[in-house]
Structures are given as C-alpha cells and as structure tokens.
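The next block holds one structure in the form of structure tokens; read it before the comments.
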Amino acid sequence: TPAGEMLLATVFNLQEPFGQLAVVQPMKDVLRDWNSQTRLTITIFALIGGVLALLGTAVHWQSLRARQAHRGYARAQKRIDTALARGRSGLFDWDLAQGRLFWSHSMYELLGLPPRDSLVSFGTFEALIHPDDCDLYSLANDLLKGKAKVIDRVLRVRHADGSWLWLRMRAEIVTSDHEERPHLIGICVDISEERRLAERTATADLRLRDAIENISEAFVLWDADNKLVLCNSKFQQLYRLNDDAIQPGTSY
C-alpha cells in the first residue's frame, strides 16, 4: 500500500460456483466513525468532569465560608451572652401569634435554668411570672390588637431555686419584611438588688424620721446650699411655719 497505509480485508464465502469475494478498505475509512464517536465521548466526559470539578470546588468554598461564618456568629453570640450575663440581663424574642419565645443563654442563666436552643412555650413563661404583677395572656391580646407597641414593666419572675427575681422588661413590637407575624423583642434586666437597696433605704429613712420626730427639741437639717432637708414638728411649731414652708428643698 502507498506509504504503508493499513488496509482491512473482508472475505465473504459465496455459493458454488462463485467462490469467494474479498473487500479491501483503508483502515482509516473503517475507523472514521468510531474515532469520531470516541472523540465525542471523550469530549463529553471531559466536560462533565470539568463541571463536576467546578461544582466540587464551589461546594467546598461555600462550605468553608459557611464554617467561617458559623464560627464568627458563635464568637459574636458568646460575646453578647457574656456581656449580658455580666450585666445581669437577658434577651427574648416572643412570637405573639404562635405563643413561643426565644431566650438567650444569658436569660436561662439569669433564671438559674440550664440553657437550651429550643423555644420556650407561652405556658412555661407564664408559670414563672408572679400572678400579681402581670397577666401575660391579657398583655399578649393588647399587643396583638395594637393597643400597645412598647412595654416597660417591672415584674417578679421565679428563679430555679424558688426565690423571686425583680426584672425590668423593656420591649417593642417588631414586624420583619419577610414575616408578617409580630414579634415582641426586648431585654429583661435584674433589678432585685436595686429593689432591696431601695427598700432598705426607705426603712432607714423612716426610722430616722421617727427618731427625729420623737426627740424633745426642735430639729432641722439644711444642706450645703441652705436647702431644707428635713425637720420635726417641734421646729415647725416653734417658728409657726405652714406645711408648704417645710417641704424638702425649701430655701433658708
């Protein structure tokens, strides 16, 4: 063959008396369709492999970003919870329509409860509130009817050890763009120590006034700016002063 070209010879046996028939073809002509199909198949597999490699790379990159974002969120959440815990306060998100609440970990810590990521039911929260301080059901109805948008209340909430905590609850109705259900989002701050201090101060002030009132002489106390702090009834009688003249803050 010219230039050593490979040929494919096919021999057919014919019936007598015709003998045999030989068909000779160049190999490249015989394999032309097969080569074309093979190249097409290889090309398709190469494209599929490239697409899968790109998808795998994208998924790995997205997974890496998700892990980084999760770690960043976890760090931020831990910082927020730490700051809230040090400030004796906790965050809450109350879904008014479904009656479920989300509490931050600091809120659980504030009430002496083990933190968890599940939502708190309406009944669980209501059972912790002192019945003389707040009717949670009526409050939810007023909020849903639009009678109030912002609340600022002081109430008692039961601690896990059975004691009562004085909490100041400040919250506002929030409705997001992607969710029509209203949420009451706010913060609870532990003011138990302030309440106890105020009670002790009031008790001490009452005892001091009783002691001053029961002494036999007239008594009066002025501050550095010559403003009246307090006096007893004997001082009032001695100078024949009316009640308006002995109000705290009256100038000398």
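Observations
- Some residue of the stretch 128-135 being within 22 Å of PRO114 (Cβ to Cβ) and at pLDDT 85 or above: yes
Here is a yes/no grid of residues against (1) open to solvent by 40 Å² or more (accessible area, probe 1.4 Å); (2) more than 50 Å from the chain's Cα centre (by Cα):
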position: ARG153; (1), (2): yes, no
position: ALA160; (1), (2): yes, no
position: LEU165; (1), (2): no, no
position: ALA198; (1), (2): yes, no
position: LEU206; (1), (2): yes, no
position: LYS234; (1), (2): yes, yes
position: GLN237; (1), (2): yes, yes
position: ASP243; (1), (2): yes, yes
position: GLY249; (1), (2): yes, no
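- Unique match (being of a type in the set (S, T, N, Q) and either at pLDDT 90 or above or more than 30 Å from ARG79 (Cβ to Cβ) (or both)) among THR175, THR124, THR203: THR203
- Taken over the stretch 209-241, the criterion of being touching a residue at least 12 places away in the same chain (Cβ under 8 Å) and aliphatic (A, V, I, L, M) is satisfied by ILE212, ILE215, ALA218, VAL220, LEU228, VAL229, LEU230, LEU238.
- Listed by position, the helices (runs of 4 or more DSSP H) enclosed by the stretch 101-168 that each have at least 3 residues that are farther than 27 Å from GLU193 by Cα are 136-144.
- Tally, over the stretch 124-142, of residues that are open to solvent by less than 40 Å² (accessible area, probe 1.4 Å) and farther than 21 Å from VAL189 by Cα: 0
The values are calculated or read from the model by the stated rules, or taken from the named source; none is laboratory data. Just so it is clear, the structure is predicted and the values come from calculations on it, not from any experiment. Glycine also receives a Cβ, built like all others from the backbone with ideal geometry; neighbour counts cover every protein chain displayed. The area values use the complete protein model at the heavy-atom level, side chains included, leaving out ligands, DNA and RNA. Shrake-Rupley method; radii C 1.70, N 1.55, O 1.52, S 1.80 Å.
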